[in-house]
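Let me begin by presenting the structure, written as structure tokens, before commenting on it.
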Amino acid sequence: MQVMAQDSVETDQATITETFDKNSSDLENKTDLKEDIQEESGPAKDCTDEASDIESVNKEMDEILSVPDPGIVESNVEKASGDQTVNEVETEGSMIEGAWADILGSGQLKKKTLRKGKSKQRPSSGDVCKIRYTGKLSDGLMIDTNDDFEFVLGDSEVIHAFDLIVALMELGEICQVETSPRFAYGEIGVPPKIPPNATIVYEIELIDSKPEKAPDELSLGERRKTGNKKRERGNWWYARSEYSKAIICYRRALDFLDSENEGVSEPPEKLQEILEDRLKVYNNMAAAQIKSEALDAAIKSLDVVLKCQPNNVKALYRKGKVLAEQGSTSDAIILFKKALSTEPEEKSIKSDLLRLETKQKNDLKKESSLYKKMLGNVPKKPVEKSGCPGH
């Protein structure tokens, strides 16, 4: 089992273990349009204006992080205070081999140095960190081990405890970590090996760290592979209802699947593939934004998809749901009907369309009744009989 988040939809990582395979397959089997994150089918047409839409969505996404999972906000605050705590402990000389340090001051994340590393050689956010680790439950049961594991620090690719602790380690250091469920696998766990609300004890060695290569330093194939790995991690967090972390991963995926990095010499079919991958990210990110109630951001993400794939059923349906939530019933009905014309047997769309049409009829009745009350009872003019000869 890996500490790194994995996707349920597409995966080409050879290091995925049995537990995460099972967890990922659960997401793959979800078919309800209201909840799942699925691969979007159908070719994408060329979109000359997509760059401006991408920039608009990314700007909007700067605002979404103001409505994240409260746990993320609190964790970030605690991370800052945790760094300060560690510095204070080091100053006092108590961060020594064999001594426990309460990183956040709450007892939920503790670190014990088993072997000191190279002084002042800590990784930075965005570095690719290579570590060796083992993980055990509080009763000593081994649940995870990896001798050559890599992840990007601060990109939500791993449990929160790893992002916090590795940032405090020095190159070559070995430490023991005790993390509460909050910074590990939470109330869900990873059945069957990791139960809900499990406290986990890790031993971690920081082997190496180096900056992650920028997208423009990678080939098209490398960018596509990296971007899709980050998308897969976003899907894993989404399946766990960690929507803010999912959005972070999706945004990072777009950095590597962005059209600005496409070379004019690349084969058209390869450019088409990376375009379709990018649209999958926008569609999935919109689903997470809807769950986070960032509806305006979701609309912009979906508009990017629909500009290139006008008949994308998932995007049509999701945008219709957002418009319905915002009170634009007529516009939502139009989108639901268009989605239903492509997928006529989709029960979720049929159900929501019927619900909205019923609502629209009831609203019209109420509106008509209100107008009558406002105007009052206007007396009808008597009908004049026309005079006819002989009558």
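Among residues of segment 329-354 that are within 13 Å of ARG318 (Cβ to Cβ), those with a Cβ under 6 angstrom from a residue that is assigned to a helix (DSSP H, G or I) and basic (Lys, Arg), sequence gap 6+ or separate chain, pair up as LEU335/LYS319.
Yes or no, residue by residue, for (1) surrounded by 20 or more Cβ atoms within 10 Å (Cβ to Cβ); (2) in contact with an Asp or Glu (Cβ under 9 Å, 6 or more places away or on another chain); (3) touching a residue at least 12 places away in the same chain (Cβ under 8 Å); (4) assigned to a helix (DSSP H, G or I):
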residue	(1), (2), (3), (4)
PHE162	yes, no, yes, yes
ASN197	no, yes, yes, no
TYR202	yes, yes, yes, no
LEU206	yes, yes, yes, no
ASN228	yes, yes, yes, yes
TRP237	yes, no, yes, yes
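Of all the criteria given as (1) at pLDDT 95 or above; (2) farther than 27 Å from SER292 by Cα, the one not satisfied by LEU218 is (1). Scan segment 320-378 for residues that are of a type in the set (Lys, Arg), open to solvent by less than 100 Å² (accessible area, probe 1.4 Å) and over 22 Å from ALA298 (Cβ atoms) and the total you get is 1. Is it true that some residue in segment 291-305 is within 18 Å of ALA315 (Cβ to Cβ), open to solvent by 20 Å² or more (accessible area, probe 1.4 Å) and of a type in the set (A, V, I, L, M)? Yes, because at least one residue in segment 291-305 is within 18 Å of ALA315 (Cβ to Cβ), open to solvent by 20 Å² or more (accessible area, probe 1.4 Å) and of a type in the set (A, V, I, L, M).
Looking at SER124, SER156, just one residue is under 22 Å from ARG252 (Cα atoms), in contact with a strand residue (DSSP E or B) (Cβ under 9 Å, 6 or more places away or on another chain), in a loop (DSSP other than H, G, I, E, B) and not β-branched (Val, Ile, Thr), and that residue is SER124.
Scan segment 113-160 for residues that are charged (D, E, K, R), touching a helix residue (DSSP H, G or I) at 6+ places or on another chain (Cβ under 8 Å) and open to solvent by 10 Å² or more (accessible area, probe 1.4 Å) and report the count. Residues flagged as charged (D, E, K, R), touching a helix residue (DSSP H, G or I) at 6+ places or on another chain (Cβ under 8 Å) and open to solvent by 10 Å² or more (accessible area, probe 1.4 Å) within segment 113-160 amount to 1.
Could you please let me know if SER265 is of a type outside the set (Lys, Arg), over 17 Å from the mean Cα position of the chain (by Cα) and within 26 Å of LYS280 (Cα to Cα)? Against the criterion (of a type outside the set (Lys, Arg), over 17 Å from the mean Cα position of the chain (by Cα) and within 26 Å of LYS280 (Cα to Cα)), SER265 qualifies.
Of all residues in segment 281-338, exactly one satisfies the criterion of being aromatic (Phe, Trp, Tyr), over 22 Å from LYS245 (Cα atoms) and within 19 Å of the chain's Cα centre (by Cα), namely TYR317. The condition of being surrounded by fewer than 19 Cβ atoms within 10 Å (Cβ to Cβ), of a type in the set (A, V, I, L, M) and assigned to a helix (DSSP H, G or I) does not hold for LEU254. The single condition from (1) at pLDDT below 95; (2) open to solvent by 50 Å² or more (accessible area, probe 1.4 Å); (3) assigned to a loop (DSSP other than H, G, I, E, B) that GLN272 fails is (3). Restricting the search to segment 174-184, which residues are open to solvent by less than 10 Å² (accessible area, probe 1.4 Å) and of a type outside the set (Val, Ile, Thr)? Within segment 174-184, CYS175, PHE183 qualify.
Among the residues of segment 309-319, those identified as crowded, with 22+ Cβ neighbours inside 10 Å and in a helix (DSSP H, G or I) are LYS314, ALA315, LEU316, TYR317, ARG318, LYS319.
The values are calculated or read from the model by the stated rules, or taken from the named source; none is laboratory data. Keep in mind that this is a model prediction, so the values were computed, not measured. Neighbour counts are summed over all protein chains in view; Cβ atoms, including those assigned to glycine, are modelled from backbone coordinates with ideal geometry. All accessible areas refer to the heavy atoms of the entire protein, side chains included, with ligands and DNA or RNA removed. Shrake-Rupley method; radii C 1.70, N 1.55, O 1.52, S 1.80 Å.
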